[in-house]
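The values are calculated or read from the model by the stated rules, or taken from the named source; none is laboratory data. From a predicted model like this one, the values you see are computed outputs, not experimental measurements. Glycine also receives a Cβ, built like all others from the backbone with ideal geometry; neighbour counts cover every protein chain displayed. Accessible surface is based on the protein model in full, side chains and every heavy atom, while ligands, DNA and RNA are left aside. Shrake-Rupley method; radii C 1.70, N 1.55, O 1.52, S 1.80 Å.
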Amino acid sequence: MTLTYPVHAVWTDFGGVLTPPTRVTLEDFCLRVGVAPDLLLAAMRTVGDSYGTDPMAPLDTPLVAEETWARQVETVLAERYGVVADLSRFGERWFAGRPANQSWVRWLRRARRKGVFVGMLSNMVPSWDAQWRRMVPADGTFDDVVMSFEVGHRKPDPEIFHLAAARAGVPAGECLLVDDLPENCAGARAAGWQAVEFTGTDEAVALLEPVIARRQRVAT
């Protein structure tokens, strides 16, 4: 993958980028609540279908409160799969013991000190806002934070990318998204952004450092 200069704004996703892979978090959560990951995902898809959305959109747009959604997922698990589960305090338990990707946090802070605009662009659930902020303090890390539940748009829809570029104050082509989901990267590119599909910190940094270094040389 080749990135083009200039990149003046780097927007990072949260889950799966600033955290371990979402698959790892899912497996840990499911082990603690006693539900097989494939069954939980299937129940979430069924609830999402009832709203005409993907599995997470009911929560992060939001269309429904977390506790109501959790009861709906519990009902599907019981009625369709014969699994009795307690999904109360879903977000609190989802985040329990979840570490931040500190190496990526450090790189973002370095980039920001070099004058790069650094933001977080996430499909976020309202009740999870306090949880992620305990993991990754926004002050000193981000110039701005764009959350789906606050703005009413979510990745990969183009509106959230147009809004984020405006908040950064730079043209779309000078914005770059780092995200672990290929559909979100595709959405960013369709909105005129550049994008890096995150597979690990070392790989992302190797792609980003040359354009950041070139930015530094031009600025000086």
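Summary of values
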read-out: Filter result for residue 110 (within 24 Å of residue 59 (Cβ to Cβ), assigned to a helix (DSSP H, G or I) and open to solvent by 50 Å² or more (accessible area, probe 1.4 Å)); value: no
read-out: All positions within region 73-91 that are out of contact with any Asp or Glu (no Cβ under 7 Å at 6 or more places or on another chain) and closer than 22 Å to residue 154 by Cα; value: 73
read-out: Residues within region 139-159 that are more than 18 Å from residue 198 (Cα to Cα), open to solvent by less than 20 Å² (accessible area, probe 1.4 Å) and either part of a loop (DSSP other than H, G, I, E, B) or without any contact (Cβ under 8 Å) to a residue 12 or more places away in the chain (or both), tallied; value: 2
read-out: Set 46, 12, 61: member being β-branched (Val, Ile, Thr), out of contact with any Leu (no Cβ under 7 Å at 6 or more places or on another chain), closer than 30 Å to residue 175 by Cβ and open to solvent by less than 60 Å² (accessible area, probe 1.4 Å); value: 61
read-out: Qualifying residues in region 24-63 (those that are β-branched (Val, Ile, Thr) and under 19 Å from the mean Cα position of the chain (by Cα)) - the one farthest from residue 152 (Cα to Cα); value: 24
read-out: Residue pairs meeting the criteria (Cβ under 9 Å; at least 6 apart or on separate chains; first under 17 Å from residue 51 (Cα atoms) and open to solvent by 30 Å² or more (accessible area, probe 1.4 Å), in region 72-88; second of a type outside the set (Lys, Arg) and in a helix (DSSP H, G or I)); value: 72/43; 72/46; 72/47; 72/50; 72/58; 74/43; 75/43; 75/47
read-out: Any hit, region 52-61, residues being assigned to a loop (DSSP other than H, G, I, E, B) and within 22 Å of residue 119 (Cβ to Cβ); value: yes
read-out: Failed condition for residue 117, given (1) open to solvent by less than 50 Å² (accessible area, probe 1.4 Å); (2) aromatic (Phe, Trp, Tyr); (3) touching a Lys or Arg at 6+ places or on another chain (Cβ under 8 Å); value: (3)
read-out: Conditions (1) without any contact (Cβ under 8 Å) to a residue 40 or more places away in the chain; (2) of a type in the set (Lys, Arg); (3) over 17 Å from residue 20 (Cβ atoms): number failed by residue 167; value: (1)
read-out: Where residue 64 falls short, out of the listed (1) more than 23 Å from residue 27 (Cα to Cα); (2) in a helix (DSSP H, G or I); value: (2)
read-out: Flag for residue 127 being of a type in the set (Ser, Thr, Tyr), under 28 Å from residue 69 (Cα atoms), touching a helix residue (DSSP H, G or I) at 6+ places or on another chain (Cβ under 8 Å) and open to solvent by 40 Å² or more (accessible area, probe 1.4 Å); value: yes
read-out: Residue, surrounded by the fewest Cβ atoms within 10 Å (Cβ to Cβ), within region 15-43, restricted to residues that are small (Gly, Ala, Ser) and touching a helix residue (DSSP H, G or I) at 6+ places or on another chain (Cβ under 6 Å); value: 16
